[in-house]
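The values are calculated or read from the model by the stated rules, or taken from the named source; none is laboratory data. Everything numeric here is computed off the predicted structure, so don't read it as measured data. In this analysis, Cβ positions are derived from the backbone assuming ideal geometry, glycine residues included, and neighbour counts consider all displayed protein chains.
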Amino acid sequence: MTTVVVVDDHPVFRRGLVGLLTASGHEVVGQARGGLEALEVVAQVKPQVVLMDLSMPDGDGFEATARITAEHPDVAVVVVTLFSDEASVARAMHAGAAGYLGKHAEPEHLIAAVEAASAGALWIGRGVERPTFAARSGAEQAALPGGLTARELVVADLLARGLANPAIAARLGLSTKTVANYVSAILLKLAATDRADAARIIRAHPNH
């Protein structure tokens with residue numbers, strides 16, 4: 001059973017998610033109508049997973065995702081949105097999202113995304129454009145390879161040094177699941193096939 005907070009400004013859709021999650025054996029421990037409210041709810045109940053909409057009148061979903069993942073590194077955020085373009089996916093991944101799927105996704109895919117995020121894996125839904133390292137501008141690559149966040153850069157550096165997830169977790173004071181989330185995001189952002197390929201890309205970067 002995974003504890004979940006559902007964030008969406010549409011009551012009908014939000015209630016639908018709550019019903020689906022509950023019927024699937026997961027526990028919805030909080031709900032929010034916007035990004036600002038989500039920050040308060042997450043701080044209070046500390047769920048394992050947050051289902052996050054992006055476009056809401058009360059606080060941007062991108063900013064809420066970034067703050068949640070920074071302030072609560074053991075909480076995985078899965079974006080559920082109408083936007084499936086590469087730019088939105090890349091921005092959400094840069095904010096620290098552990099999953100991304102459209103609101104048109106099949107119910108079983110949404111449940112799979114929640115369970116994957118809870119287990120420390122990354123989930124990108126069908127029909128969602130995956131961001132690629134090659135598609136990023138030269139300026140972005142020079143500043144942050146693949147658009148990695150500051151915390152992901154730290155994890156990437158240790159990954160490039162050959163440390164396994166448990167060793168990285170011990171070094172940074174994080175759970176192994178959280179490190180697995182970071183590694184999955186790093187591989188996606190760098191368009192790497194595996195850890196070894198990611199390490200090669202990181203070591204070859206001029207700023208490393």
Restricting the range 150-183 to residues that are crowded, with 21+ Cβ neighbours inside 10 Å and polar (S, T, N, Q), the one nearest to residue 73 (Cα to Cα) turns out to be 178
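For the range 1-26, which residues satisfy the criterion of being touching a helix residue (DSSP H, G or I) at 6+ places or on another chain (Cβ under 8 Å) and either assigned to a helix (DSSP H, G or I) or of a type in the set (D, E, K, R) (or both)?
Within the range 1-26, 8, 17, 20, 21 meet the criteria.
Given the criterion closer than 21 Å to residue 104 by Cα and small (Gly, Ala, Ser), identify the matching residue among 32, 38, 64.
Step by step, each of 32, 38, 64 is checked, and only 32 is closer than 21 Å to residue 104 by Cα and small (Gly, Ala, Ser).
Listed residues 74, 60; which is more than 19 Å from residue 148 (Cα to Cα) and either outside the structural domain of residue 176 (by TED's automatic domain parsing) or not hydroxyl-bearing (Ser, Thr, Tyr) (or both)?
The match here is 60.
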Where residue 198 falls short, out of the listed (1) of a type outside the set (Val, Ile, Thr); (2) crowded, with 19+ Cβ neighbours inside 10 Å; (3) closer than 23 Å to residue 114 by Cα; (4) at pLDDT 85 or above: (3)
Being among the β-branched types (Val, Ile, Thr) and either surrounded by 19 or more Cβ atoms within 10 Å (Cβ to Cβ) or in contact with a strand residue (DSSP E or B) (Cβ under 9 Å, 6 or more places away or on another chain) (or both): is that true of residue 12 here? no
